[in-house]
Structures are given as structure tokens and as C-alpha cells.
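Chemist: I'd like to ask some things about the structure below.
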Amino acid sequence: MTVEVFDSLASSQGLQKSGWFAKIVKDKFNIKLNIIAPNVSGGDTVFDTRSASGNLGDLVIVGTGNGRLNKLVKAKLIEDMTPYYSSMKNVKKYDSAVKSIAKQAGKDGVWGVPQGVSSQSPTDPSEGNESAAAPYIRWDIYKEIGYPQIKDLDGLLNVLKQMQDRARQDTGKDDIYAMSLFKDRDGDVMQNAASICSWFGYTNQGSVFISADGKDVQPATKEGGIYQQALEFLNKAESMGLVDPDSTTQDWDTMRTKVTNGKTMLSIWSWLGKPRMNSDENKAKGVGFMLAPLENMKVYSDGFQPDGDGATIVAIGSKAKNKARLATSSSTGCILRKASTPLPPTPVAPPARRIWAASPPTRTARTRP
């Protein structure tokens with residue numbers, strides 16, 4: 001059975017023919033996944049067009065903001081899974097999360113499962129051993145320049161300049177840059193800059209930045225605020241010649257290919273640089289990304305969420321075939337779990353750092369080894 005998955009978070013699309021995840025789904029459930037990814041092609045037009053046709057997909061992974069979930073329910077674009085709920089044993093463990101989605105939808109029913117739902121403590125960092133949004137650098141090049149101290153963002157820029165120069169010297173290539181950015185996920189703010197704010201204990205909700213302890217709330221326009229500091233960091237990097245000139249036009253796929261090909265020295269997320277560079281072959285040679293020892297960072301963590309993150313849900317499309325199978329089989333759960341799959345081990349043990357574990361009503365700073 002081929003299942004059409006409308007995925008507003010996906011960065012690749014098409015029939016999943018290869019890779020470990022596609023193999024597991026095919027071998028275990030005899031299902032092939034055909035991913036429809038607005039991020040790759042079409043943007044919001046894809047959602048609008050498919051909504052107008054009355055068929056988003058068999059499985060729907062979509063954001064719920066700005067009343068979208070309520071609209072999906074009213075337009076009958078997603079299915080109420082109540083008839084199948086008694087058999088959805090894994091999902092029923094998180095009944096309060098499911099009910100929170102119904103409340104958000106404004107109508108009783110089982111309309112979807114939120115992302116990131118967990119039974120673990122909300123005050124524990126949810127990323128495990130690796131901070132998600134944090135500065136990861138090419139550790140092999142950092143080693144070549146003598147592991148210089150990195151006190152703050154200005155220090156990081158100076159180190160990145162040395163790393164860029166060394167990498168170009170090593171390879172004879174002048175198309176290597178300290179950082180390469182992309183614009184696909186910009187919204188109320190520049191998404192890449194917002195991720196840099198997470199290095200210092202802030203997360204954004206729309207155009208507002210909130211500290212992990214909830215004590216500091218800043219609009220993106222605040223003079224000298226955390227978002228402006230991130231923009232200034234990128235501006236300085238640009239003036240130093242450290243930013244890939246394609247950053248203003250390229251998409252995610254182009255940028256991540258450059259990371260894979262060793263064209264960048266900085267990864268602003270663990271799940272960008274490490275999976276694409278830290279292969280067994282590269283690690284055997286000491287090549288790969290590792291968390292930068294930035295002394296003043298306090299990395300933000302959402303913490304585990306008992307009710308999940310209702311900003312994005314997994315639902316069943318109203319025109320899907322085999323709805324009972326989609327609802328009750330482990331295939332849906334497998335898709336839900338894919339995003340939390342552990343990343344490969346790193347080539348060097350990480351330095352000590354501070355991580356913020358944030359979850360209402362209490363947000364606390366926690367120390368991780």
C-alpha cells in the first residue's frame with residue numbers, strides 16, 4: 001500500500017524508495033510513503049490547492065496555527081479517529097494530549113496526535129545527549145588551528161575566520177565558507193537567526209522571544225535584544241566574508257548538500273551537520289562536526305511535553321483509504337517517532353555546557369555533562 005503523506009515539515013519529497021526508514025516501513029508494514037513537501041516545492045500554494053480539492057493526503061502532518069486546525073475540521077479535510085481510538089493502544093497512553101488537540105479544534109473528537117508528546121518529566125532537557133539548536137563546528141579543522149578559546153560570539157567569528165582560511169588552504173578551494181544559510185523557513189522572523197537566539201536560552205513564538213525561565217519577553221524589534229544580537233552576529237560574519245553568498249537565494253536542499261560536501265564550517269543545529277558529515281568513514285579520520293566550546297552559551301531546550309507540541313499534528317485525511325489500518329497500525333506511530341531517532345555518536349566527547357529545560361509553568365536551567 002502506498003500512503004500519501006502531506007508533510008508541512010519535510011525537506012524532501014517523493015516516493016521513499018531507499019534509506020533505513022523507508023526499508024523499515026516497507027518490511028514491517030508493507031507500506032510505501034509518498035511525501036508531499038510544500039517546503040520543497042510550491043509553498044502554501046500546495047496546501048491551498050489540495051484543500052480546495054478536498055484531499056490533503058492520506059496522512060497529514062500540518063501546523064495548527066492561526067486557526068488552521070479549526071478550519072481543517074470545519075472543512076472536513078481531516079478524519080475524526082474516534083471509531084478507531086479504542087484500538088490505538090500507543091496513542092491512548094497520551095489521552096490528555098489527544099484531548100488538548102480536540103480543545104484546540106473546537107470540536108469533540110480525535111482529530112490528531114501532537115508532535116513531541118512524552119511521558120518524561122517536563123523539566124528534563126528533551127534532546128538527550130545533543131543540544132538541538134547549538135553551534136556545531138568542524139572539529140577536525142578546529143583541531144588544526146589549535147583549539148583556540150571561544151569566549152563569546154565575537155570570539156566564535158574569529159575562530160570561524162581561521163577555520164575558513166585553513167580549510168581553503170587545505171583543499172585549494174575558495175568556495176568554502178564558515179556558514180551557509182537558507183531562506184525556506186523564514187516567517188515572522190529570520191529562522192536561522194532565531195535559532196542562534198536558542199544558543200542563549202531564548203525561544204520565539206512568532207515575533208516574540210521568551211527566555212527559558214519566562215522572566216524576559218522581548219519583541220523582535222527590541223533595540224539590543226537577543227534577536228538583534230543574532231542579526232548583528234550574522235552581519236559581522238557577512239562583513240568578514242564568512243557567509244556563503246548564495247545564502248539569500250538557496251533552499252534547504254542546496255545548503256545541506258554543501259554541508260555534506262564539506263563546504264561549511266558551522267552548523268547551527270545538531271541535526272544538520274552531524275548526520276551529513278559524521279559518517280563512520282569520516283569519524284575514523286577524525287573528521288566531523290562537534291559542539292563548539294562557546295563559553296557564554298546557555299542552550300534552550302523545550303523540555304519534555306506531556307501534552308505534546310500542539311503547533312503541529314499528525315492526522316488522517318478525510319479521503320484516505322484504509323483509515324482503520326492507518327489509525328491502528330504501528331505505521332503512524334513509526335512516522336511520529338522518526339523525528340526523535342538518535343543521531344550517530346560524535347568523534348569527540350562534548351565539552352561541558354549549560355542547557356535550559358523549558359516547559360510551563362516552571363522553566364529551569366539544567367547542567368548537562
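The values are calculated or read from the model by the stated rules, or taken from the named source; none is laboratory data. All values derive from a computational prediction rather than experimental measurement. FYI the Cβ positions are ideal-geometry reconstructions off the backbone, even for glycines, and counts take in every protein chain you see. Areas reflect the complete protein model, heavy atoms only, side chains present, ligands, DNA and RNA absent. Shrake-Rupley method; radii C 1.70, N 1.55, O 1.52, S 1.80 Å.
Chemist: Return the pair list, or none, for Cβ contacts closer than 6 Å from residues in segment 178-189 that are more than 30 Å from residue 140 (Cα to Cα) to residues that are in a loop (DSSP other than H, G, I, E, B), at least 6 apart or on different chains.
Modeler: 188/206; 188/207; 189/207; 189/220
Results for (1) open to solvent by less than 60 Å² (accessible area, probe 1.4 Å); (2) of a type in the set (A, V, I, L, M); (3) over 30 Å from residue 123 (Cβ atoms), shown as yes or no for each residue.
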| site | (1), (2), (3) |
| --- | --- |
| 238 | no, no, yes |
| 244 | yes, no, yes |
| 290 | yes, yes, no |
| 294 | yes, yes, no |
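Chemist: Within segment 100-120, take every residue that is open to solvent by 40 Å² or more (accessible area, probe 1.4 Å) and free of Cβ contacts under 8 Å to residues at least 40 places away in the same chain and give me the one that is nearest to residue 70 (Cα to Cα).
Modeler: 106
Chemist: Give 315, 365, 324 a once-over and let me know the one that is out of contact with any Ser or Thr (no Cβ under 6 Å at 6 or more places or on another chain), of a type outside the set (Val, Ile, Thr), surrounded by 14 or more Cβ atoms within 10 Å (Cβ to Cβ) and at pLDDT 50 or above. Quick ask: steps written out before the conclusion?
Modeler: Details: 365 fails: at pLDDT 50 or above; 324 fails: surrounded by 14 or more Cβ atoms within 10 Å (Cβ to Cβ).
Within the list 315, 365, 324, the selection yields 315.
Chemist: Which condition does residue 163 not pass, out of (1) at pLDDT below 95; (2) closer than 16 Å to residue 244 by Cα; (3) open to solvent by less than 30 Å² (accessible area, probe 1.4 Å), if it passes all the others?
Modeler: (1)
Chemist: Another question about this same structure. Could you check segment 1-22 and list, in sequence order, the residues that are on the phi > 0 side of the Ramachandran plot and either under 19 Å from the mean Cα position of the chain (by Cα) or free of Cβ contacts under 8 Å to residues at least 12 places away in the same chain (or both)?
Modeler: Within segment 1-22, 19 is the sole residue that qualifies.
Chemist: Here's a follow-up. Could you please find all residues in segment 169-184 being acidic (Asp, Glu), in a loop (DSSP other than H, G, I, E, B) and more than 30 Å from residue 43 (Cα to Cα)?
Modeler: Step one: filter segment 169-184 for residues acidic (Asp, Glu), giving 170, 174-175, 184.
Applying the additional criterion that residues be in a loop (DSSP other than H, G, I, E, B) yields 174-175, 184.
Within segment 169-184, 174 is the sole residue that qualifies.
Chemist: What number of residues within segment 253-265 satisfy the criterion of being of a type outside the set (Gly, Ala, Ser) and open to solvent by 10 Å² or more (accessible area, probe 1.4 Å)?
Modeler: Count: 8.
Chemist: Which one of the conditions (1) modelled with pLDDT of 95 or more; (2) polar (S, T, N, Q); (3) assigned to a helix (DSSP H, G or I) does residue 55 fail to meet, given that it meets all the rest?
Modeler: It fails just one condition, (3).
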